[in-house]
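Presented below is the structure to which this report refers.
Nothing in this text is a laboratory measurement; each read-out follows from the coordinates by a stated rule. Values in this document were obtained by computation on a predicted structure and should not be read as measured data. All Cβ positions, even for glycine, are placed from backbone atoms using ideal geometry, and neighbour counts span all protein chains on display.
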Amino acid sequence: MARKSTPTYTIEFPLTIPVWQIHRLEKKFKIARTVYNSCLGEALKRHKYLKANKEYRRLVKEPKSKGRDHQLSELRLTYGFSEYSLHDFVIQIQHKFKGNIGSLEAQKLATRAFQSVEKLHFGKARKVHFKKLDDNISVENKSNKTGLRYADGNILWGDKPTKKCPNPKNWLCMPIAPKANDEYAHLALMDKTKYVRIFKREIRCKVRYFVQLIQEGYPPTKRNRKVAIDGNKRVGIDIGSSTIAFTSETTVELRELAPECHFDQVELRRIQRAMERSKRATNTDNFKEDGTIKKGRLEWNYSNRYKKLRKIRKEWYRKMAVRRKISHEKLANDILALGSDVRVETMRFQSLQKRTKKTTRNKKNGKINRKKRFGKSIAIHAPAMLLTIIDRKLGYQGLSIKKIDTYATKASQFNHVTGEYTKKQLSDRWNDFGEFRIQRDLYSAFLIGNTTETLNFVDVHRCNEQWNNFVKMHNREIARLKESASKTLRWFVA
């Protein structure tokens with residue numbers, strides 16, 4: 001019988017260690033990179049041999065069925081294309097570095113390598129990347145008993161000191177010390193540690209080391225955290241590529257996703273153009289006369305100026321990622337303070353990132369329209385990340401986001417007053433109800449929040465009961481949005 005997994009959460013601490021420990025830690029990271037690349041190369045080799053098998057290619061072309069899937073699974077095992085087969089492979093490599101990398105840590109590296117190639121195998125990725133010398137890598141364990149572990153306020157890694165060898169060359173003992181007034185951290189350290197993850201980040205062009213403790217149980221509740229009193233209250237969410245509309249019995253609101261991430265976009269474009277000019281100047285033989293890159297294997301040389309600009313760009317992206325994460329965490333808390341019955345449409349944001357296949361022309365000037373869609377907007381605002389955070393926070397209560405059937409509900413087309421479905425263009429931001437108009441995104445969130453328990457129909461009776469209250473809150477929200485400093489929000493109510 002499979003062991004049921006227990007709930008987990010993560011807490012992170014910075015490591016402040018002397019230079020001699022940094023050198024030992026870097027040595028371990030270098031070995032971990034070697035182990036990972038070896039596993040990745042072996043997994044790619046097995047993937048290649050499996051794809052070359054005639055029987056496998058024949059089965060892939062057949063219609064899907066249980067028998068066909070079973071045969072494909074057997075062929076993968078025959079070629080050793082599985083996670084546990086790669087665990088057997090990594091044993092010999094780990095044995096060479098057993099003083100620095102434990103067996104469980106090597107297995108985790110092998111698992112990550114296999115998962116990368118597995119995405120390639122099933123068409124979810126175009127290629128995989130080996131870890132370069134200057135690439136960051138994290139190392140984690142499977143338990144907190146041996147190898148990399150946490151004990152008595154210290155992160156331990158390597159062979160224990162003995163009387164014969166009081167200071168082993170691979171031994172690390174790194175203290176972690178939460179701040180005295182950090183109540184959350186002190187409460188979290190009281191829980192059982194499942195395993196430890198250690199990694200490094202480059203912050204303001206300086207390398208810093210961090211450790212994450214994966215704790216068992218639920219995270220401590222913060223004192224200033226607002227929690228919904230009635231867990232049965234519904235919250236309807238209509239999320240887009242850059243905005244989110246949510247409604248409840250007491251709130252109707254339209255917000256921009258991660259508005260803090262709009263800083264210095266002009267500066268980023270200037271850096272990217274300077275990098276491109278530098279790359280072309282130092283690699284003239286890699287470009288054709290029309291400016292496009294030549295095909296085939298090419299060698300690239302980068303100037304010191306290019307490397308400096310690349311570090312600046314990396315820091316820019318790091319800051320944007322941190323700001324986006326903090327903004328989403330706060331917004332998720334605000335939404336969950338309204339209710340725990342959170343409903344949202346099923347969406348594939350990956351599809352919105354892809355370029356359109358159809359070639360269309362502008363009716364006014366006859367020029368070909370751009371095929372770009374919402375890739376840049378999704379990269380900046382990360383709507384899927386917000387839903388993941390909400391689902392994670394609901395998981396602490398034993399709940400999850402309820403995803404309604406998008407194609408059956410058609411919230412953006414339905415009118416609960418007339419019961420009719422009307423297709424709208426993306427530029428149509430309003431629904432006409434005769435005497436007044438309702439903003440499209442807010443109305444969709446209202447309908448999503450009032451779906452049936454089967455999550456495939458709108459509950460018209462429930463909508464009628466809450467309609468008057470929704471219209472009052474909607475009008476107040478529209479008045480607020482028209483006075484907003486955000487151009488994005490003003491466009492949605494223009």
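Gap in Å between the Cα centre of segment 11-31 and the Cα centre of segment 53-100? Segment 53-100 and segment 11-31 have Cα centres separated by 35 Å. Note on Glu83 and Lys145: their simple-model spin labels are 1.9 nm apart, each label 7 Å out from Cα toward Cβ. Per-residue packing, averaged as other Cβ atoms within 10 Å, sorts the ranges 276-282, 196-202 into the order 196-202, 276-282, beginning with the highest. Of the chymotrypsin sites (Phe, Trp or Tyr not before Pro) found in segment 239-325, the ones in coil according to DSSP and having at most 10 other Cβ atoms within 10 Å of their Cβ are Trp300.
What the phi angles of segment 71-78 give under the Karplus curve with 6.51, -1.76 and 1.60, with θ = phi - 60°, is a coupling list of 5, 5, 5, 5, 5, 4, 5, 4 Hz, glycine and proline written as x.
Contact order, relative form, for segment 386-494: 20 percent (alpha carbon pairs under 8 Å, 6 or more residues apart, mean separation divided by residue count). Annotation: peptides 203-214, 418-429, 81-92, 439-450, ranked by per-residue average of other Cβ atoms within 10 Å with the highest first, follow the order 439-450, 81-92, 203-214, 418-429. Counting 0.36 nm for each residue step from Arg373 to Leu268 and taking away their Cα separation leaves a gain of 35.7 nm. Here's how it looks for Phe433: its modeled amide H is under 5 Å from those of Ile438, which are all 5 or more places away or on a different chain. Counting only alpha carbon atoms, the long axis of helix 440-449 and the longest principal axis of the chain meet at about 80°.
Take the Cβ-Cβ distance between Lys96 and Asn283 as r, set R0 to 51 Å, and report the resulting FRET efficiency rounded to the nearest 0.05.
It comes to 0.85.
Between Trp20 and Ser484, how high is the FRET efficiency from 1/(1 + (r/R0)^6) when r is the Cβ-Cβ distance and R₀ = 51 Å? Nearest 0.05. Display every interim value, and only then the final one.
Values: r = 55 Å, r/R0 = 1.07.
Approximately 0.40, to the nearest 0.05.
FRET efficiency for the Arg310 to His461 pair, using the beta carbon distance and R₀ = 56 Å, is estimated at 0.40. Averaging the sequence gap over all C-alpha pairs within less than 8 Å and six or more residues apart, then dividing by the number of residues, gives the chain a relative contact order of 14 percent. In whole percents, the pair-distance distribution calculated for the chain from its alpha-carbon pairs, binned every 20 Å from zero, is 16, 44, 35, 4, 0.
Rounded to two decimals, the Cα radius of gyration of segment 8-216 over 2.2 N^0.38 Å is 1.21. A full extension of the chain between Ile380 and Ser65 corresponds to an added length of 109.4 nm, given 0.36 nm per residue minus the alpha carbon distance.
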